[in-house]
Each structure stands twice: as structure tokens, then as C-alpha cells.
Amino acid sequence: MTESPTRVLVSAGEIQARIRELGAAIDKDYPNGVLLVAILKGACFFLADLARAITRPVRIDFIGISSYGKSKTSSGEVKLTKDLDTTIDGLDVLIVEDIVDSGVTLSYLVHVLEQRRPRSLRIVALLDKTDRRVCPVDVAYVGFHIPDEFVVGYGLDYAEQYRNLADICVLEGAPGQ
Ligand code: PRP
């Protein structure tokens, strides 16, 4: 079967409404502002909208992580492919992620960034597939809890396709996850 996005799981309107709520919660929790750290590449779309939903001072930075065997085993191999441009010592840092699946990526990143002594370090994730968790991760802000289906759109890809879909859609026929 050829894979194709067949069903809207979260519509563009629902995404934007939820991001406004997340922005309001972050405004309340970070009155002095926050450094948003987005994980490449999928989180870029979420970062762009979330940053504009926050009214407090915001700075942004990017980090690249590649994982092998992620979502399959608890010992997924993870490495940094692009580091932050800025130091985070003493800063309030919020990691911005599009989806938490096994948790391998975020548990690795939290470990790496904690060693750099930020004032605080928390996570905002648009999507959370809690059923797939292998590594425990404390996600402070969750956009939507979703079932264990292969999703694309709004930054999420299949073989680098579909990131530009406005909705988050279920991809039927994708071989494995
Ligand atoms: C996806 C997603 C998360 C990670 C989540 O990234 O953006 O970073 O997988 O999976 P995990 O919880 O099982 O670690 P991916 O490696 O597909 O890269 P991309 O963002 O460039 O598409």
C-alpha cells in the first residue's frame, strides 16, 4: 500500500487555538521571558507560532539531534549534530519539541543541557504519544495527547515529506514507526 495522509487528526485551527493557550500559560510562568530551544527540524513550525503566542521577552535558539533506532529500543543511540549558538548558564530555558514518542531524544537533551547549569529547564511539546514512552520525560506543557498512529504535517515528516501540511494528519500505509 502506498502511504498517504488520509485523515486529519488535529486541524490547523485546533493547533493554533491550543498554541494560544500554551502561550498564555508560558506568559504567566515566565514573566521575565524565556529562551526557547527548538529541536531541528520538526519543531520549527511549532516554534514559530508559539514564539508569537508569547508576549513576554523571547529569545530563540536551535539544536540538532540525530537518533538511530529511536522508538524501537530503550538504548536508542543519540548524538548532537548542531549545538546551540548561545550559552544557557543561569537562563530560563524551554525546550520546544513537536512530538514526544519514545522519549529517547528529550531524555538525552535534558541530560546534556542540565550540565550547562540553566536557571530552569522545562519542555513544551505539541504532541505527546504517551503510550510509546520508553524513557521517562517530564513534559511541562503538552498541546495534545495523541494515540499511537503515524502522523505527519505541521513540521512532522515521513521521509522528509509532508512537513508543510497545515493540519496534523494520520499517514496510512507507513511501514513501521
Ligand atoms: C522526531 C521528533 C522528535 C523525536 C521524537 O524527530 O521531532 O525530535 O523524533 O522521538 P523520540 O521521543 O522517540 O525520541 P526526528 O528524529 O524524526 O527528526 P526531525 O524532527 O528532523 O523530523
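The values are calculated or read from the model by the stated rules, or taken from the named source; none is laboratory data. As the structure is a computational prediction, the values presented were derived from the model and not from experiment. All Cβ positions, even for glycine, are placed from backbone atoms using ideal geometry, and neighbour counts span all protein chains on display. Each accessible area value is taken on the protein alone, full model and side chains, heavy atoms only, with ligands, DNA and RNA left out. Shrake-Rupley method; radii C 1.70, N 1.55, O 1.52, S 1.80 Å.
Once you have a ≥ b ≥ c as the square roots of the Cα gyration tensor eigenvalues for region 1-47, tell me rounded if a/c is under 1.5, and otherwise prolate or oblate according to whether a/b is larger than b/c.
oblate
What's the magnitude of the charge dipole for region 7-68 around its Cα centre, counting Lys and Arg as +1 and Asp and Glu as -1 at the beta-carbon? Answer in Debye, nearest 20.
On the way: 8 positive and 6 negative charges, 18 e Å.
My answer is approximately 80 debye.
Mind checking which aspartates and glutamates have their C-alpha under 17 Å from LYS28, skipping anything on the same chain fewer than 8 residues away?
LYS28 reaches ASP92.
As I understand it, the dipole of the chain uses +1 on the Cβ of Lys and Arg and -1 on the Cβ of Asp and Glu, about the Cα centre. Which of VAL137, VAL112, THR86 lies farthest toward its positive end?
It is THR86.
What dipole magnitude, in Debye to the nearest 20, does region 1-121 give about its Cα centre under +1 on Lys/Arg Cβ and -1 on Asp/Glu Cβ? Intermediate values should be presented prior to the final figure.
Working: 15 positive and 16 negative charges, 6 e Å.
My answer is approximately 20 debye.
At 24 Å minimum axial length over the Cα atoms and a Kyte-Doolittle cut of -1.0, report the qualifying DSSP H helices in the chain, or say none.
Working: long enough: 12-29 (26 Å, -0.37).
Correct list, ordered by number: 12-29.
What is the chain by shape, rounded, prolate or oblate, if you read a ≥ b ≥ c off the alpha carbon gyration tensor as root eigenvalues and call it rounded for a/c under 1.5, prolate for a/b larger than b/c, and oblate otherwise?
Details: a/c = 1.95, a/b = 1.29, b/c = 1.51.
Oblate, because a/c is 1.5 or more while a/b does not exceed b/c.
Sum -39500 (n - 2.57) across every DSSP H segment of at least 4 residues in the chain, then divide by the residue count to get the 222 nm mean residue ellipticity, nearest 500.
Details: 3 runs with 39 residues, N = 177.
Theoretical 222 nm ellipticity from helices: -7000 deg cm²/dmol.
Report, by chain and number, residues whose modeled amide H sits under 5 Å from the one on VAL151, excluding near sequence neighbours (fewer than 5 apart, same chain).
LEU171
Rounded to the nearest whole Å², what accessible area per residue is found for region 31-177 with the 1.4 Å probe?
Details: 6960 Å² over 147 residues.
Each residue of region 31-177 exposes 47 Å² on average to a 1.4 Å probe.
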